[in-house]
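First up is the structure itself, then whatever we jot down about it.
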Amino acid sequence: MSSSFARGNENNRDVADGVNYLGSGTSPGYGVVNLGAHYQIHPRIQLFVQIDNLLNRHYYTAGQLGTTPFNNAGVFTPRPFPAAGGDFPLRTTTFYAPGAPFWDLGRVAV
């Protein structure tokens with residue numbers, strides 16, 4: 001999958017400047033390896049196996065622009081800019097939707 005603009009950045013005007021826009025405004029491209037096989041043991045019975053993300057790659061399936069109260073260093077700053085006309089300007093960043101892992105023992109509920 002090639003890279004794509006994040007939702008909310010369809011015009012590609014969200015350019016990271018380190019002050020107002022922190023994210024790239026795009027979702028990076030990715031590639032995953034999936035395997036599958038099946039065996040028909042009877043006209044109405046089929047056995048199958050499917051392995052998704054065989055190489056356990058970390059990837060993002062989508063991106064979306066949104067406001068954030070954090071700066072580049074990860075410090076919480078809820079109002080980073082002075083008021084302009086009674087309103088406080090917001091800082092935006094790119095949020096990502098992670099792809100499914102192959103297997104992650106650290107995230108398995110017991």
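The values are calculated or read from the model by the stated rules, or taken from the named source; none is laboratory data. Source: prediction; values computed, not measured. So basically every Cβ, Gly included, is an ideal-geometry build from the backbone, and we count neighbours across all protein chains shown. Please note that ligands, DNA and RNA were not included when accessible areas were found on the heavy atoms of the full protein model with its side chains. Shrake-Rupley method; radii C 1.70, N 1.55, O 1.52, S 1.80 Å.
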For this session: Please check the chain for the longest run free of trypsin sites (Lys or Arg not before Pro) that are loop-located per DSSP (anything but H, G, I, E, B) and have at most 16 other Cβ atoms within 10 Å.
Result: 58-110
Exercise. Share of the stretch 1-87's accessible area from carbon and sulfur, percent, 1.4 Å?
Worked result: 54 percent
For this session: Please calculate how many Å² of accessible area the stretch 2-90 carries per residue, with a 1.4 Å probe and no DNA, RNA or ligand atoms counted.
Result: 75 Å²
Exercise. Once you mark the chymotrypsin sites (Phe, Trp or Tyr not before Pro) that are in a DSSP loop and have at most 15 other Cβ atoms within 10 Å, what is the longest gap between them in the chain?
Worked result: 31-101
Seminar exercise, completed: Gyration tensor (Cα only) of the chain to equivalent ellipsoid, semi-axes in Å sorted down, yields 42, 16, 12
For this session: At 7 Å along the Cα-to-beta-carbon direction for both Arg79 and His42, put a label point, then send me their distance in nm to one decimal.
Result: 7.1 nm
